[in-house]
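Asks: Before I ask anything, let me first share the structure, which is written out below as structure tokens.
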Amino acid sequence: MKGRMLSAQEILDERIWPRVTKGEGCWFWQGSRDPEGYGQVKIKQLANRPLRVHRLVYELLNGLLLPGMRVCHSCDIPPCMRPDHLWPGTGWENTRDAQVKGRVRMVVHTLKQPRQRRMTDALIEQLQRMYATGSWSCCGLAREMGFSPRYVQQVIRGERPLRRVVVA
Ligand SMILES: [Zn+2]
């Protein structure tokens, strides 16, 4: 199969899914991981460098993402490959850019110091306001505010915060 073009389905079936444990919850990647814990795989036909598997899975199933877009985990588990746990967010650069341009004028900096933070009504309101400006993705907000992306998603959807989340 050397040199042959692979279809998305073949890449998934031959190179990805055999190394994933599929279960009721998250689907875990059993292959190698990068230092941040994300699954990585080298597929000669696609690239000379290792690719992040969760992004590859997302793109094989949904099409290529625009540059700057990243694939987030709703479950917060880097080696998870379950397609419905993966969702695209805009990159950190976009968020920064929006912030620098002053489109987002919030008290982000005063909230930044502590690593451990409790979600308050005021904070929920703020997250929703920031998200409503359209300048922030869930991922970006999560990073900026020190919460997990899944938690931010829940808050923005108006779902009751289920737990307090601490991001180191
Ligand atoms: Zn998952």
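Asks: Could you compute the net charge surrounding V41? Neighbours are other residues with a C-beta less than 9 Å from the C-beta of V41; K and R count +1, D and E count -1. It would help to have the intermediate numbers written out before the result.
Replies: Values: positive: R15, R19, K42, R52; negative: none.
That works out to +4.
Asks: Next up: How big is the equivalent ellipsoid of region 8-89 along its three axes, where each semi-axis is √(5λ) from the Cα gyration tensor, reported in whole Å from largest to smallest? Could you put the intermediate results ahead of the total?
Replies: On the way: eigenvalues 55, 48, 33 Å².
After scaling each eigenvalue by five and taking roots: 17, 15, 13 Å.
Asks: In nm, what is the difference between 0.36 nm times the number of residues separating I124 and E14 and their Cα-Cα distance?
Replies: Residue separation times 0.36 nm, minus the Cα-Cα distance, leaves 35.2 nm.
Asks: Listed highest first by mean packing, meaning other Cβ atoms within 10 Å per residue, what order do 50-59, 149-158, 36-45 come in? Can you show the working numbers first?
Replies: Numbers: 50-59: 20.7, 149-158: 19.2, 36-45: 15.3.
Per-residue Cβ counts within 10 Å, averaged per peptide and sorted highest first, yield 50-59, 149-158, 36-45.
Read-outs throughout are calculated quantities, based only on the coordinates presented, and are distinct from any laboratory measurement. Since this is a predicted model, take the numbers as computed values, not measurements. Please note: Cβ atoms are built from the backbone with ideal geometry, for glycine as well, and neighbour counts cover all protein chains shown.
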